[in-house]
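Read through the structure below, which is laid out as C-alpha cells, and then see the notes.
The values are calculated or read from the model by the stated rules, or taken from the named source; none is laboratory data. Since the model is a prediction, treat every value here as computed from it, not as a measurement. Here the Cβ is made from the backbone with ideal geometry for all residues, glycine too, and neighbour counts use every protein chain on show. Quick note on the areas: whole protein, heavy atoms, side chains included, nothing else; ligands and nucleic acids left out. Shrake-Rupley method; radii C 1.70, N 1.55, O 1.52, S 1.80 Å.
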Amino acid sequence: MDRRTALKNLALVIGSAALLPRCTEHNPVTHFKNFDVTNDQQSLVADMAETIIPKTGTPGAKDLMLDQFVWLMLDDCTKKDDQKTFFKGMGEFNDLTKKTYNKSFADLDKKQKEDLLNTFEKKSNGYSKELNGFFSTVKGLTVFGYTESKYFMTKEIVYELIPGRYNAWLPVKNNIAAKNG
Amino acid sequence: MSTNTYDAIVIGSGISGGWAAKELTKNGLKTIMLERGRDIVHVKDYVNANKAPWEFPHRGGRTVQMEKDYPVLKRDYPLNETNLDYWVNEKESPYVEIKRFDWFRGYHVGGRSLMWGRQSYRWHDVNFEENAKQGIGVDWPIRYKDLEPWYTYVEGFAGISGNRDHVEILPDGNFMPPMEMNCVEKDVAARMNAYYKDHDRHMIIGRTANITKPLPGRTNCQYRNKCWLGCPFGAYFSTQSSTLPAAVATGNLTVRPWSIVTKILYDKDTKKAKGVEVLDAQNNKTYEYYAKIIFLNASTLNSAWVLMNSATDIWPDGLGSSSGELGHNLMDHHLGVGAGGTVEGYEDKYYFGRRANGIYIPRYRNLHNEKRDYIRGFGYQGGAGREEWGRAIPEMAIGGAFKDALSEPGEWTMGIGGFGETLPYHENRCYLDKNVKDHWGLPVLAIDATCKDNELKMRIDMANDAKEMLENAGVKNVQTFNSEPVLGRGIHEMGTARMGRDPKTSVLNEWNQVWDAKNVFVTDGACMASAACQNPSLTYMALTARAANHAFEELKKGNV
C-alpha cells in the first residue's frame, strides 16, 4: 500500500467516522417497543400517508397524524416477522424510488409521488411480495386510521355516540353518510 | 345460626344464576350468590361504555400481546380491545382440549350476561319431542306447556323486543315492540316470504333482550350497538341491569365475589347437600357456607366441574354421576356457515342508528314430514347494511377523490349465517384432568367433543339454502361460506348434566333437581337434554324461574 492510498483510506475512515455522528444527528432514531425508526423512515411513511389521504379542502394524513397511527399499529398489532417484512419492503421501496426517479420519495413532486404509489394499484406490477406488502400495510392502516379518526367520524360522516333512535329508511344526499360500524 | 348459613346458595351470577337469586329472594329466602370472579358494578364499572371509537388506541383491534395472552379467545371475534377485561384470564384458568373446543368464558359478577348476543327465542313442542321420537339421547321430562307460562313471565321481566310473527315453530311471546328492519331487509324479507309462502320459510326481525320501552330503572335501547361494553342505560338484559337489582331490593341477597365453589358438601345421612366449600380466590382460604337449597348455575362446563368434585367419597366421579351421564352429551350450536351477496339499487337510501339486532329465519327443515339426510334443523341470523364506496373503486385508490369517496355510502350487502342443532352424543364430554392445575391448584376440565356426520350433512344445506333463499329474494353475487365446524364457537354450551325421566340415564329430574341430592338444582345450560337451534338463554331463564319457584314450594312443604 503506498502512502497516497493509505492516506486516502485514512481519510475515508476519518470521513465516515466524522460523517456517522453527523448523519445520526441529522437522522435521529425514535425508539418504539419493537423497533427503531429513523427520521427519514418516519418522513417516508408520513409522505406516503399524505399522498394517499392528502390535505385538500379538508384535513390530510399529516394534519390527522395518521403516520403515527401507522407506526403504533405496526408496533403493537403486527407480528415480529411481519415487522421485518415491512422494513424489508420499505428498503425496496426506497430502491424503487431511486431507480425510477433518481431521488428519494421526499424529493419527488406531488404528481411523481402519486404516479409511483398508483403503480401499486396495478395487479401485475411485478413487485416483490415484501414491496407490495409494505405499500398495502401503509395504505391499509392510513385509511383505517382516517375512517376511524374523530375528524372523519364527526365531520365527514354522522357519528353519534348515542343515536337514541333507529331510522330504517333514511334518504341520503351525495356526501352524507351515517356511520353504522 | 352461623353467619355462614343461609336459606339458599346460588353458585354463579350469570343469566341463570341471576334469575335463581331473583326468584329465591323474592320468595323471602335469605340467599347468598357466590361468584368466582370480581365484582362489576352496574354502570360504574362499564369503563369503556362511553368511549368514542377513536378513543381506543388501536381502534378496537387486537395487539400481538393480547393474542399471546388469550390463545383461545383470539380464535374468534371476542378478542378485542374494548371489553378485554370481561373475558377470563386464560393463564390462570386453563383447560385441556382433547379436540379443539373454543371455550369463551367470563369470570365476574354477571358472567356472560354482560357480553351475550341477546337473541331470545322460545322453543316449540317439536324441540321437546324429537329426542323421544327419534330415539336420540333421553326424552325431555317436560313439554312446551310446562315452560310456556315461565317464558311469558321471564320475557315480561327481562324485556324482550320482538314481533308477533305467527310462525308456528317459533311461538310468539310477551314482547315489547319490535325493532325495525332497514329498507333493504324489509324488501328482501317481503320477496323471500312471498317466494317461500308455501314452504313455511320466514324472515323476521330478531327477537332480542334489548328493551324498546323503559322498564323500572332501565332506559329503552339507544341504538348504540355497544352492548358488550355494558350498557349505561341498562337497555339490554343482564344480571346487573335486571335480576340483580331486583334481588338486592328484597333485602335478602348477599353477593360474594372472588368465591370459587370447589365442591358441594353432601350429607350421606340425609342424602342431601348441606352446603358448599368455597376457596377465596384472593386470600386462598377455604370457607364453608350452608343452606337448605343450592342452585348450581356456574355455566354448563363449570357446573359439571363442581359436581365432579363433589361427594367423591360416595361416587368417585362426583355428585350426579350415578347415571354415568355427568359431563357427557356436551352440545353447542354449530355455525360459521351461510351466504352473503349484494343488493342492487337503494342508492338514495340509508339508515341511521346502530341497531344491536338483525333478522332471523326460523328453522324450516325436517318439519311437516320432510326427510333430509340428517335430522333436526337450523335457523339463520343476518342483516343488510351499506359499505363505503372508496374501497371498491380501483381507479380511485389514492388521493383527494379517493379520500372524498371514503365518506360516501357504498353498496348494500345482505348476509345470513346459520345456527345448527348439535345432537347429544354420549362421547362428547368433559372430565377432570387431575394432572393439570389452575392458578389455585384445582384440577381443570378436559374437553373432548366434535361435530359428527349429522352436523356435517346439515351444514351443506345451511350453505346451499342460504344461497338459494338470498338469490330467490333478489340478492346478487351470492357467495357461500362454510368454515371448519368447531364446537364451543357458538358459545352455547349445553348438556353436561341433562334432565330426564330416569335416574339411570339422566342427572336431573323434571324440576332440575339432581336425582342423587334433591336439594341441588342445576338450571344453566348443563340441564339441556337437546340443543334445538334457537339461542338458548331465554330457555335457561324460564327453566330457572320455574325450578326456583318449585324449590320454594318444596321447601315450604318440607320436601327438600
Drop in accessible area of at least 10 Å² in the complex versus isolated chain, residues of region B:55-92, 1.4 Å probe: B:PRO57, B:HIS58, B:ARG59, B:ARG62, B:THR63, B:VAL64, B:GLU67
Using a 1.4 Å probe, what is the accessible area per residue for region A:27-159, in Å²? 49
Within 10 Å of each Cβ in peptide B:350-359, how many partner chain Cβ atoms are there on average? Round it to a whole number, please. 6
On a 30 Å Cα-Cα criterion, which of the cross-link pairs A:LYS80/A:LYS139; B:LYS51/B:LYS186; A:LYS113/A:LYS155; A:LYS79/B:LYS91; B:LYS26/B:LYS213; A:LYS84/B:LYS467 come out too long? B:LYS51/B:LYS186; A:LYS84/B:LYS467
In nanometres, the difference between 0.36 nm per residue of separation and the alpha-carbon distance of B:GLN65 and B:LYS197 is 42.4 nm
Using a 1.4 Å probe and counting only protein heavy atoms, how much accessible surface gets buried when A and B come together, both sides summed, in Å² to the nearest 100? 4400
Once the dipole of region B:394-465 is set up from charges on Cβ (+1 Lys and Arg, -1 Asp and Glu), the residue from the list B:MET414, B:LEU432, B:ILE447 lying farthest towards its positive end is B:LEU432
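Report, in debye and to the nearest 20, how large the dipole of region B:311-399 comes out about its Cα centre when Lys and Arg carry +1 and Asp and Glu carry -1 on their Cβ.
It works out to roughly 340 debye.
Please identify the GluC sites (Glu not before Pro) of region B:400-498 that satisfy two criteria: DSSP loop assignment and at most 16 other Cβ atoms within 10 Å. Which are they?
Passing sites in region B:400-498 are B:GLU427.
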Calculate what fraction, in whole %, of the accessible area of region B:166-316 sits on carbon and sulfur atoms when a 1.4 Å probe is rolled over the protein chains. 51
Can you give the calculated 222 nm mean residue ellipticity of chain B, where each DSSP H run of n ≥ 4 adds -39,500 (n - 2.57) and the sum is split over every residue, rounded to the nearest 500 deg cm²/dmol? -6500 deg cm²/dmol
Assuming a viscosity of 0.890 mPa s and a temperature of 25 °C, what translational diffusion coefficient in µm² per second does Stokes-Einstein assign to region B:276-318, Rh being the Kirkwood radius over Cα pairs? 210
Portion, in percent, of the accessible area of region A:16-144 that falls on carbon or sulfur, probe 1.4 Å: 55
Quick query: amide H of A:TRP169 versus all other amide H atoms, modeled in the peptide plane; which residues come in under 5 Å with a sequence gap of 5 or more or a different chain? B:PHE352
Do any residues of region B:147-189 show a loss of at least 30 square angstrom of accessible area between the isolated chain and the full protein assembly, using a 1.4 Å probe, and if so which? B:GLU180, B:CYS183
Given the C-alpha centroids of region B:192-226 and region A:33-76, what is the distance between them in whole angstrom? 43
Whose amide H sits under 5 Å from the amide H of B:SER259, counting only residues 5 or more places off or on another chain, with H placed in the peptide plane? B:GLU35, B:ARG36, B:GLY37, B:ALA281
Semi-axes in Å, largest first, for region B:413-553 (Cα gyration tensor, √(5λ)) are 35, 21, 14
In debye, nearest 20, what is the charge dipole magnitude of chain B about its Cα centre with +1 on Lys and Arg Cβ and -1 on Asp and Glu Cβ, if you could check? 1080
Multiplying the sequence separation of B:ARG501 and B:ARG143 by 0.36 nm and subtracting their Cα-Cα distance, what value in nm do you get? 127.7 nm
Taking the alpha-carbon centroid of each part, what is the distance from region B:42-100 to region B:284-339 in angstrom? 26
Using a 10 Å cut-off on Cβ atoms, rank the peptides B:220-232, A:91-103 from the highest mean neighbour count down. B:220-232, A:91-103
Shape call for region B:85-143 from the C-alpha gyration tensor, a ≥ b ≥ c root eigenvalues: rounded (a/c under 1.5), prolate (a/b greater than b/c) or oblate? oblate
Per residue accessible area in Å² of region B:12-63, where ligands, DNA and RNA are left out and the probe is 1.4 Å: 33
Using a cut-off of under 14 Å, list every residue of region B:167-197 whose amide N is near the label point 7 Å from the Cα of B:THR152 along the Cα-to-beta-carbon line. B:172-175
Virtual spin-label span in nm between B:ASP269 and A:ASP115, 7 Å along Cα→Cβ: 9.7
Using the crude model of +1 on Lys and Arg Cβ and -1 on Asp and Glu Cβ, and no other charge, please compute the dipole size for region A:27-159 relative to its Cα centre, in debye to 20. 220
Rounded if a/c is under 1.5, else prolate if a/b is larger than b/c, else oblate: which is region A:27-159, with a ≥ b ≥ c the root eigenvalues of its Cα gyration tensor? oblate
Computed on alpha carbon atoms, what radius of gyration and Dmax characterise the protein assembly as shown, expressed in Å? 29.6, 114
Does any residue of region A:33-76 lose at least 50 Å² of accessible area with all protein chains in place compared with its chain alone, and if so which ones (probe 1.4 Å)? A:ASP76
Cut-off under 5 Å, modelled amide H: who pairs with B:ILE359 long-range: B:GLY206, B:GLY382, B:GLY383
P(r) tail for chain B, what percent of Cα pairs lie past 45 Å? 13
Which aspartates and glutamates, on any chain, are close to B:LYS476 with Cα under 17 Å apart, when same-chain ones fewer than 8 places away are left out? B:GLU185, B:ASP187, B:GLU344, B:GLU347, B:GLU387, B:GLU411, B:ASP465, B:GLU468
At 25 °C and 0.890 mPa s, what whole-number value in µm²/s does Stokes-Einstein give for the translational diffusion of region B:190-251, with Rh from the Kirkwood sum over Cα pairs? 175
Here region B:160-169 yields Karplus 3J(HN,Hα) values (6.51, -1.76, 1.60; θ = phi - 60°; whole Hz; Gly and Pro given as x) of 10, 8, x, 9, 7, 8, 6, 8, 4, 5
Given axes a ≥ b ≥ c from the Cα gyration tensor, I'd like to know whether region B:1-134 is rounded (a/c under 1.5), prolate (a/b larger than b/c) or oblate. oblate
Report the gain in length on full extension from B:ASP125 to B:LYS437: 0.36 nm times residue separation, minus Cα-Cα distance, nm rounded to one decimal. 108.1 nm
I'd like to know which of B:LEU73, B:HIS368, B:TYR6 lies farthest towards the positive end of the charge dipole of chain B, counting +1 on Cβ of Lys and Arg and -1 on Cβ of Asp and Glu. B:TYR6
quick shape note, region B:354-496: Cα extents on principal axes in Å, largest first -> 63, 51, 26
So which trypsin sites (Lys or Arg not before Pro) in region B:116-212 end up in coil per DSSP with only 16 or fewer other C-beta atoms within 10 Å? B:ARG143, B:ARG164
Put +1 on the Cβ of each Lys and Arg and -1 on the Cβ of each Asp and Glu in the protein assembly as shown; which of B:SER303, B:ILE205, B:VAL475 then has its Cα farthest toward the positive end of the dipole? B:SER303
Per residue, how much accessible area does region B:271-423 show when a 1.4 Å probe rolls over the protein heavy atoms, in square angstrom? 33
